[in-house]
Amino acid sequence: MEKERKNGPAGQKRNRRRKRNGTLSYYYRHALRILKRRKKTVLAAAACVLAACCMLLVVWALVRGLSGRNIEAEIETVENVAGEPIDTTEPLQENAYPEVNDLISRYFAALQEGDEETLTTLRDNTGNADLLRMQENSSHIEAYTNITCYTKPGLEADSYVVFAYYEVKFQGIDTTLPGIAPLYVCRNADGAYYLHDLTQDEEASAYANEVAGQEDVTALYTQVNEEYAARLAEDETLSAYVESYMNDMMVAVGEALEEQTAEAESAQAAETGTDAASEEGSEGSAESSDGEGASSQENTSASSASSGASSSVPDSGEFTVSETVNIRKGVSETSEKIAVCYPGETLEILMKQADGWTRVRYQGQTGYVRSDVLK
């Protein structure tokens, strides 16, 4: 009986309902009934979910935009620092500052006249050897013409690295000879410009030397050097004069320095007031005089040798030295020595200058060598 009841019509109906309850359609219809009964609650929940999604999208967009800007800023910063080099080199300016031009013009006028007082006032420091060389130069030079100032900014405000182009006319020679004088111009508290001695300022000297190696400055030197060589080649009289003039000038400066040293030591010995001190002073003077005399003789000998061998020294290009050569930062005996070129080594001659110095490049450094020691 019990089995028949389970397998009867009612039991079969319940079995069919259980089977339908396990199908997808059953769950779908069941969900619809729930939605109909709780329609308002479901709509509110859906609205909240939609609003939350919108907020998330807005926040995501803002974060991405800000991070993108930061990345661009970082990329720009990195490129500026470590990427492709940024060309910050200031171009050469020609005759851009009238006051600087006036200073340089007065300087060359004093050079031509051998005006020691004016030269001293225009420079913040002028060594004795420099003054003697300038005065000796003046006896050979008739005029400086076509003075042009090419400038670049210096280290400080109102300071300039000046490459002063000039053409020098020697006594009795018609053809002028071009040259460049590298100078450093500063402005004092009174607003007046003056020539700064780079031999006493290592930082400014290194900076000026770096500027001199920039492409446009090098091109200017090359242009002037080519014209220098061309005029010497065209005028044999000028070429011969320049060779002898440079040697004679160095010898004359050496002799003048020797004479001044001897006079100073004699005066010092005379002031001692005692025989012993006087004798010691005399002996010291004699020894010093002998030393200076030997030095002068060596200079004279070197000058003579240089005069004989000067024809083998090119106006530009590579040159192998036969004696030890000191390379200095500036055109002065007191200028800092930046390198030493030993016999058998090669340096590059950039330009022979009319002031008795030669601009050279050695082991990546640019400096100056006394023209009479190149042989």
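Based on this model, can you work out whether GLU136 counts as touching a residue at least 12 places away in the same chain (Cβ under 8 Å), part of a helix (DSSP H, G or I) and over 16 Å from GLY330 (Cβ atoms)? Judged against the criteria, GLU136 is a match. Every listed requirement among (1) open to solvent by less than 50 Å² (accessible area, probe 1.4 Å); (2) in contact with a Phe, Trp or Tyr (Cβ under 7 Å, 6 or more places away or on another chain); (3) among the charged types (D, E, K, R) is met by ASP201 save one, (2). Against the conditions (1) crowded, with 20+ Cβ neighbours inside 10 Å; (2) touching a strand residue (DSSP E or B) at 6+ places or on another chain (Cβ under 9 Å); (3) outside any strand (DSSP E or B), LEU350 satisfies every one except (3). Go through the residues of the range 180-187 one by one and say whether even a single one is open to solvent by 20 Å² or more (accessible area, probe 1.4 Å), without any contact (Cβ under 8 Å) to a residue 24 or more places away in the chain and of a type outside the set (A, V, I, L, M, F, W, C). Within the range 180-187, not a single residue is open to solvent by 20 Å² or more (accessible area, probe 1.4 Å), without any contact (Cβ under 8 Å) to a residue 24 or more places away in the chain and of a type outside the set (A, V, I, L, M, F, W, C). Screening the candidates TYR245, TYR228 for the property of being modelled with pLDDT of 85 or more and either acidic (Asp, Glu) or surrounded by 19 or more Cβ atoms within 10 Å (Cβ to Cβ) (or both) yields one hit, TYR228. Of THR320, THR274, THR300, all but one fail to be at pLDDT 80 or above and either open to solvent by 40 Å² or more (accessible area, probe 1.4 Å) or not acidic (Asp, Glu) (or both); the exception is THR320.
The values are calculated or read from the model by the stated rules, or taken from the named source; none is laboratory data. Just so we're clear, the structure is a prediction, and the values are computed from it rather than from any experiment. Using ideal geometry, Cβ is built from the backbone for each residue, glycine included, and neighbour counts are taken over all protein chains shown. Surface accessibility is based on the protein's heavy atoms, side chains included, excluding ligands, DNA and RNA. Shrake-Rupley method; radii C 1.70, N 1.55, O 1.52, S 1.80 Å.
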